[in-house]
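> Take a look at this one; I'll ask things after.
The values are calculated or read from the model by the stated rules, or taken from the named source; none is laboratory data. On a predicted model such as this, the values are computed, not experimentally measured, just so you know. In this analysis, Cβ positions are derived from the backbone assuming ideal geometry, glycine residues included, and neighbour counts consider all displayed protein chains.
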Amino acid sequence: MKNRKEEMQLHLSAWRASGMSKSAYCKAHGLAYHNFLYHYKRNESASSEVGFTLLSSKGCGVGKVEFHLPNGSYFLLPADCQMELLQKLVSLC
């Protein structure tokens, strides 16, 4: 039998594919909701990286770069802006 962590990874994958809410998935599969959330949060924090990723940019105007963040925020900045400014803006979101 798989260990608990591997078993929960399989459930997390199945839940994502199911389109069900976390609560409904847990009820349908006889899982403790608080235990499912524990593994969900651990999985999410392990998979999210902190820092910046080098991206190729699409032109949004001469000398400008547009950044879209997952929370819906976006920045339109001069292409030659300092990295420190971008880091401060992102930390505010």
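> State whether one or more residues within segment 64-82 are modelled with pLDDT of 75 or more, surrounded by 10 or more Cβ atoms within 10 Å (Cβ to Cβ) and in a helix (DSSP H, G or I).
no
> Count, please, the residues in segment 1-30 that happen to be outside any helix (DSSP H, G or I), among the aliphatic types (A, V, I, L, M) and either surrounded by fewer than 12 Cβ atoms within 10 Å (Cβ to Cβ) or in contact (Cβ under 8 Å) with a residue 24 or more places away in the chain (or both).
Taking segment 1-30 as the starting set, the residues that turn out to be outside any helix (DSSP H, G or I) are 1-3, 19-21, 30.
Still in the list and also among the aliphatic types (A, V, I, L, M): 1, 20.
Then drop every residue that is not either surrounded by fewer than 12 Cβ atoms within 10 Å (Cβ to Cβ) or in contact (Cβ under 8 Å) with a residue 24 or more places away in the chain (or both), which leaves 1.
Counting residues in segment 1-30 that are outside any helix (DSSP H, G or I), among the aliphatic types (A, V, I, L, M) and either surrounded by fewer than 12 Cβ atoms within 10 Å (Cβ to Cβ) or in contact (Cβ under 8 Å) with a residue 24 or more places away in the chain (or both) gives 1.
> Given the conditions (1) in a loop (DSSP other than H, G, I, E, B); (2) at pLDDT 75 or above, and given that CYS60 satisfies all but one, which numbered condition is not satisfied?
Of (1) in a loop (DSSP other than H, G, I, E, B); (2) at pLDDT 75 or above, only one is false for CYS60: (2).
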